[in-house]
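Read the structure below first, then the notes.
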Amino acid sequence: MIPLAALEEVIDRSRVAPRIEALLPAGVRARQLKVRTLLAGMCLAMADGRPAHLTRVHQALTALPADDQRRLGVIADWKHGPHQLTYRQTERTFGLAATALGKDGSGGLPSQALQAACDDLLEASVPQTFTGASSSLAVDWTDLESFSRPPPRGTSDCADPEASWGHRKNNLLRSQDELFYGYYLSAGVMVREENGPAVPEFARRATLSSCRHDPVRAFVPVLTALPAAGIPLGDILDDSGYAHRDADAWAIPLRAAGAALVQDLHPHDRGPKGTHNGAIIANGNLYCPNTPRPLLELGPLARTATSEQAADWEHTTAELARYKLGRLTGDDADGYHRVQCPAAMGKVRCPLRPASMRLDRDRPEILHPPENPQACCAQQTITVPPDVLSKTAQKHDYPSAAWYRSYARRTGAERGFATTKDPAANDISRGWCRLMGLAPLMLFTTTLLAVRNQRILAAWNTRQQENQRRAAQGLPPKTRRRRRKILTTLAAAPP
């Protein structure tokens, strides 16, 4: 159980409560339940593994020790003596806060005030000692089903008009997506830097959007606002669902904000996709016109690959890198950069570059150069405009070994959602929250993620203390065993 003092510290550090309090209307009689106490009750309910029901919030507050109840205003002195908070008062304060934060929402997207309050609350749940530990984020979205029944066919009337029909993956044998009625929950989880030490996987940013909106486009403004808040953007790790969007919907705004993309390409975006000045456009790079076709059609390493297959795959991707046109300059103010022929850089041997023919024969050799060489073969360098590789360009060559090791960090986003869908704690399946509308759902989801960050911090501290104890005894740190076994491993095992 997370102590109340830790939750109050998060709420006070976020400075969200007084901002919301200022938005609420002033009544004739002062409200007994303040926003700060309401947020504390919501966090207590989430920390206790309870569903996101206002009755549970009321129970969490009234179950506190008497001293804490008086301090928080759960017990107040009225005209006829002490008065304990009622459920109706809890419902009233929460309704006022949700209505005030939900104003000016653009039909299924959070308002600016709601998004800012949730961002500050999540950021406050990250201890200051870890705020600069890593600037890399693993992003993903998941389904958050509304408690409302969908509208009947041919109508749009239901208890939750902001919700909409969406698609989600299922664990059934068929490959089709499953329909659900509700919202998309997008989150960015902090992961370690490349070749850096492990860090707690805190949820740094999250947003909620109706399924009628694209979750990728809805999450971009949340991420691009991080530099203005003093949080630099580093590596952004995302799957093909993000990479397959138009460049102006995902890749371009994030690069403009300073992010470096590490993403899996959609099968429709892999392989050769045209030419630029004679160079082949493939997987976010430019390659020599004589690059062997099988190298250009390489895909990522299969999860079931053996060590021998992984070694062959790494050797093949290294061979592909020899044919890549090398970058000579960074992007200028307009997004242009210059690249050079791989033979001119000494990576391959080509008769069109006589100096390259004096290189060692361990390098690939172009046996049949083009009869009418284009600019990439005739010039020393060529200029690449920003629209040529704007969608698929990323930090590492796809699908090289460096990309594979870097992209492996994206599983932090999967683990982040797994902790919010754990039946043993807070399961955000249908019925977890019975309130209607985006603002109430987003408030409860944010408090859940803030509490989840506190759980991650407690587990991290426990693990570090255990490692220190083992180090004092001369023992190595405790590692996790890999549980996945493939058929090849079982077949090779002795009877």
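The values are calculated or read from the model by the stated rules, or taken from the named source; none is laboratory data. Bear in mind that the values here come from a model prediction, so they are computed numbers and not experimental data. Virtual Cβ from ideal backbone geometry, glycine too; neighbours counted across all protein chains shown. In case anyone asks, the SASA skips ligands and DNA or RNA and just uses the protein heavy atoms, side chains included. Shrake-Rupley method; radii C 1.70, N 1.55, O 1.52, S 1.80 Å.
What residues from the range 454-469 fall in the zone where the backbone N is under 16 Å from a label point 7 Å along the Cα-to-C-beta line of LYS478? Answer for this model: 458-469. Taking 0.36 nm per residue of sequence separation and removing the Cα-Cα distance, the ARG15/THR411 pair yields an extension gain of 139.4 nm. Comparing Cα centroids, the range 334-381 and the range 41-96 end up 73 angstrom apart.
Expressed as a whole percent, the accessible surface of the range 419-479 that belongs to carbon and sulfur atoms is 54, based on a 1.4 Å probe. Between ARG363 and LYS273, full extension at 0.36 nm per residue minus the direct alpha carbon distance yields a gain of 29.8 nm. By accessible area, using a 1.4 Å probe on protein heavy atoms only, the range 11-142 has 52% of its surface on carbon and sulfur. Phi angles of the range 385-395 translate, via the Karplus equation with coefficients 6.51, -1.76, 1.60 and θ = phi - 60°, into HN-Hα couplings of x, x, 7, 6, 10, 5, 8, 10, 5, 8, 5 Hz per residue; Gly and Pro are given as x. Computed about the Cα centre, the dipole magnitude for the chain is approximately 1080 debye when only Lys and Arg (+1) and Asp and Glu (-1) carry charge, each at its Cβ. Residues whose amide H lies under 5 Å from that of MET345, counting only those 5 or more places away or on a different chain, are absent; hydrogens are built 1.01 Å from N in the peptide plane. The alpha-carbon atoms of the range 278-318, seen along their principal axes, cover 37, 15, 13 angstrom, with the largest extent given first. Remark: the range 347-360, residue by residue, has Karplus-estimated 3J(HN,Hα) of 9, 9, 9, 9, x, 6, 10, x, 5, 6, 6, 8, 6, 4 Hz, where x stands for each Gly or Pro and the curve is 6.51 cos²θ - 1.76 cosθ + 1.60 at θ = phi - 60°. Taken per residue, the accessible surface of the range 227-320 reaches 44 Å², heavy atoms only and a 1.4 Å probe. Size descriptors for the range 69-111 (Cα atoms only): Rg and Dmax, in that order, 15.3, 46 Å.
With helices as the sole contributors, the chain gives -10500 deg cm²/dmol at 222 nm; each DSSP H run of n ≥ 4 counts as -39500 (n - 2.57), and the sum is divided by every residue. Here the spin labels are modelled as points 7 Å beyond Cα on the Cα-Cβ line, and at LYS79 and ALA198 they lie 6.1 nm apart. Amide H contacts of HIS83 (H built 1.01 Å from N, in plane; Pro and chain starts excluded): ALA76, ASP77, TRP78 sit under 5 Å, all sequence-distant by 5 or more or on other chains. Placing unit charges on the Cβ atoms only, positive for Lys and Arg and negative for Asp and Glu, gives the range 146-242 a dipole magnitude near 280 debye about its Cα centre.
Site pair LEU179 and ASN467 shows an inter-label distance of 4.8 nm when each label is modelled 7 Å from Cα along Cα→Cβ. Between the residues ALA76, ALA113, PRO342, the greatest Cα displacement towards the positive end of the dipole of the chain, with unit charges on the Cβ of Lys, Arg, Asp and Glu, is found for ALA76.
Expressed per residue, the C-alpha convex hull volume of the range 98-149 stands at 132 Å³. Taking max minus min of the alpha-carbon positions on each principal axis, the chain gives extents of 100, 60, 44 Å, largest first.
Counting only protein heavy atoms and a 1.4 Å probe, the range 342-427 has 52 square angstrom of accessible area per residue. Shown here: the range 14-134, whose C-alpha atoms stretch 52, 34, 24 Å along the first, second and third principal axes, sorted largest to smallest.
Projected label points at SER429 and THR55, each 7 Å from Cα along the beta carbon direction, are separated by 2.0 nanometres. For the range 207-294, the percent of C-alpha pairs falling in each 5 Å distance bin, counted from 0 to the bin holding the largest distance, reads 3, 12, 20, 20, 17, 12, 8, 5, 3, 1.
Across the protein chains, with a 1.4 Å probe defining accessible surface, the residues ARG88, ARG71, ARG455 rank ARG88, ARG71, ARG455 from largest area downward. By accessible area, using a 1.4 Å probe on protein heavy atoms only, the range 148-220 has 50% of its surface on carbon and sulfur. With all protein chains kept in place, the per residue accessible area of the range 30-77 amounts to 38 square angstrom at a probe of 1.4 angstrom.
Need the list of lysines near LYS273 for cross-linking: C-alpha distance under 21 angstrom, and skip anything on the same chain fewer than eight residues off. Answer for LYS273, where 21 Å is the Cα cut-off: LYS324, LYS391, LYS395, listed by chain and number.
Most tightly packed first, judged by the mean number of other beta-carbon atoms within 10 Å of their residues, the peptides 317-324, 298-305, 114-121 read 114-121, 317-324, 298-305.
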